[in-house]
Amino acid sequence: MTSLAMAAGFHALPLPIIQLSLSAVLKCGQSFRWSAYPLNLPAGDASSPTHEYRFCLRDRVVCLRQTATHILYRTVLPDPQPGADQQELLEAETLLWLKDYFQLNVDLALLYGEWGSRDKVFLGIQDRFSGIRMLRQDPWENLISFICSSNNNISRITKMVQSLSKEYSPPLLSLPVPDGSGVEETYHPFPPPSALAHPDVSARLRSLGFGYRADFIHRTAKMLVDTHGDSMHSRESSEPSERWLMTLRHMSTEDARAELLKFVGVGRKVADCVLLMSLDKTDVVPVDTHVHQIAIKYYGMKGSTKGKTNMTPKLYDELCTKFVKVWGDYAGWAHSVLFTSDLKSFASHGLPQTMSTPPASPVKNRKKRSREMTDLASTNLLSTSSSSESATATGFACSPNLAKRVKKR
Ligand SMILES: *[C@@H]1O[C@H](CO)[C@@H](O)[C@H](O)[C@H]1NC(C)=O
């Protein structure tokens, strides 16, 4: 592993997959800007990396690979390429960023143990869905991404966030994709608030397919820039409104939520996603009707499983309180594991290879099966971006597990 890693210019950070699974965490609807590329490496042992993941920051592209025992990382800057000494400094900075972004100070194995001992439902899925931790994202990118997430699914949010970056942020650099095909990919950082505050942004985003979210994005950016200014000091890599959003980390959950709710297109659920995913509020569980149904069926909350219940602020609070009682201080993190286990795109995640390709079934059968599974499919914990994916009712990957567990109780 090490020689291979070094050959490609990677540094290695020891980290077992139970602490972090890149293939799960980077695709489960937290961040929408990571690119994943399959590697065409000579067949190694089972612990060789299968993919490279890339993320474009303001000044650099971070490339990651994962083995059974290590995270491999590499920093790429635009030309001119740095000398060896400066490259080492950059890698040290990237390592600090990785530790912060993946919150590696938090022992995930310890948390899984705790959640599993407190909750049989969690116990049933924890082995298939290991290494799923909360990212600590940039609050500005997180806020705009989750304004895009309303009434949307992961693949469409990903397209939107990528086109937002391509449209409003100049390319940082191009790199060949790592499969040896020679194809180059161009990387754009996430655009700063000032770029999205221009008056013509709303119309342009509409024409790019953002729908009603176009106006929300523009007005939110404008509000931030009008309030905090857009002057970027030469030594700062962020704008004042981005730095102000960072300060919400030091506020109480209630105060930070109140600030977020002032933005256009931000309701309780979107605000809670931002609190959890970029503002360090580990116990916040973003709630929607799916989560409500789960709470009724598996966690003993009162309510009807038939028909829709209006989500009142009081009910929302009761559900959060319940989940904190079940999972503890890191309830939001636990929720994201259950959320991921229910994504359609994770239907074969963590299963033995032979089972990982679901048998092709005629559409008619699939439909019938979906109907039969309605009860289970509605156990989606898709509280944030993917309610429409959940609405397709095929995301029942973990539902048989859930059902089994619940019958035993
Ligand atoms: C996501 O939403 C778009 C637009 O509503 C739809 O065309 C697409 O099929 C959906 N994708 C998934 C995976 O549900």
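The values are calculated or read from the model by the stated rules, or taken from the named source; none is laboratory data. Predicted model only: the values in this text are computed from it and were never measured. Heads up, the Cβs are rebuilt from the backbone with ideal geometry, glycines too, and the neighbour counts pull from every protein chain shown. Calculation scope for accessible area: heavy atoms of the full protein, side chains included, ligands and nucleic acids excluded. Shrake-Rupley method; radii C 1.70, N 1.55, O 1.52, S 1.80 Å.
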Inset, instruction - Consider Tyr187 carefully, then state whether it is aromatic (Phe, Trp, Tyr) and under 30 Å from Ile17 (Cβ atoms). - result: yes
Inset, instruction - Go through the residues of region 67-78 one by one and say whether even a single one is basic (Lys, Arg) and outside any loop (DSSP other than H, G, I, E, B). - result: yes
Inset, instruction - Please work out if Asp119 is under 16 Å from Asp329 (Cα atoms) and either buried (at least 16 other Cβ atoms within 10 Å of the Cβ) or more than 16 Å from the ligand (Cβ to nearest atom) (or both). - result: yes
Legend entry - Failed item in (1) in the same structural domain as Leu13 (by TED's automatic domain parsing); (2) within 30 Å of Leu143 (Cα to Cα); (3) open to solvent by 70 Å² or more (accessible area, probe 1.4 Å), with Leu110 passing the rest: (1)
Inset, instruction - Determine if region 161-171 includes at least one residue that is touching a Cys at 6+ places or on another chain (Cβ under 8 Å), within 16 Å of the ligand (Cβ to nearest atom) and open to solvent by less than 30 Å² (accessible area, probe 1.4 Å). - result: yes
Inset, instruction - Could you please let me know if Arg249 is touching an Asp or Glu at 6+ places or on another chain (Cβ under 9 Å), closer than 23 Å to Phe102 by Cα and open to solvent by 60 Å² or more (accessible area, probe 1.4 Å)? - result: no
Inset, instruction - Please give the number of the condition Gln81 fails out of (1) in contact (Cβ under 8 Å) with a residue 24 or more places away in the chain; (2) assigned to a loop (DSSP other than H, G, I, E, B). - result: (1)
Inset, instruction - Can you tell me which residue among Val337, Val326, Val274 is open to solvent by less than 50 Å² (accessible area, probe 1.4 Å) and either in contact with a Lys or Arg (Cβ under 8 Å, 6 or more places away or on another chain) or assigned by TED's automatic domain parsing to the domain that holds Gly29 (or both)? - result: Val326
Legend entry - Val291 being open to solvent by less than 20 Å² (accessible area, probe 1.4 Å), modelled with pLDDT of 95 or more and not basic (Lys, Arg): no
Legend entry - Some residue of region 205-214 being modelled with pLDDT of 95 or more, more than 16 Å from the ligand (Cβ to nearest atom), under 20 Å from the mean Cα position of the chain (by Cα) and not assigned by TED's automatic domain parsing to the domain that holds Cys28: no
Inset, instruction - Taking the options Arg65, Arg60, name whichever one is touching a Leu at 6+ places or on another chain (Cβ under 6 Å), over 19 Å from Gly131 (Cα atoms), of a type outside the set (A, V, I, L, M, F, W, C) and modelled with pLDDT of 95 or more. - result: Arg60
Legend entry - Test result for Asp79, open to solvent by less than 10 Å² (accessible area, probe 1.4 Å) and more than 22 Å from the chain's Cα centre (by Cα): no
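Residues checked against (1) surrounded by 15 or more Cβ atoms within 10 Å (Cβ to Cβ); (2) at pLDDT 95 or above; (3) under 22 Å from the mean Cα position of the chain (by Cα); (4) within 16 Å of the ligand (Cβ to nearest atom):
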{"site": "Gly83", "(1), (2), (3), (4)": "no, no, no, no"}
{"site": "Leu96", "(1), (2), (3), (4)": "no, yes, yes, no"}
{"site": "Tyr101", "(1), (2), (3), (4)": "yes, yes, yes, no"}
{"site": "Leu104", "(1), (2), (3), (4)": "yes, yes, yes, no"}
{"site": "Ile125", "(1), (2), (3), (4)": "yes, no, yes, no"}
{"site": "Met134", "(1), (2), (3), (4)": "yes, yes, yes, no"}
{"site": "Glu141", "(1), (2), (3), (4)": "yes, yes, yes, no"}
{"site": "Ser149", "(1), (2), (3), (4)": "yes, no, yes, yes"}
Legend entry - Within region 24-40, tally of residues that are without any contact (Cβ under 8 Å) to a residue 60 or more places away in the chain and either surrounded by fewer than 19 Cβ atoms within 10 Å (Cβ to Cβ) or not in a loop (DSSP other than H, G, I, E, B) (or both): 2
Inset, instruction - Can you run down the residue pairs with Cβ atoms below 9 Å, 6 or more apart or on separate chains, where the first is in region 184-204 and touching a residue at least 40 places away in the same chain (Cβ under 8 Å) and the partner is assigned to a helix (DSSP H, G or I) and among the basic types (Lys, Arg)? - result: His188/Lys166; Pro193/Lys222; Leu196/Lys222
Inset, instruction - Tell me, please, whether a residue that is within 16 Å of Phe55 (Cα to Cα), out of contact with any Ser or Thr (no Cβ under 6 Å at 6 or more places or on another chain) and open to solvent by 50 Å² or more (accessible area, probe 1.4 Å) can be found in region 201-218. - result: no
Inset, instruction - Mind counting the residues in region 173-200 that are open to solvent by less than 40 Å² (accessible area, probe 1.4 Å) and either within 16 Å of the ligand (Cβ to nearest atom) or farther than 16 Å from Gly265 by Cα (or both)? - result: 12
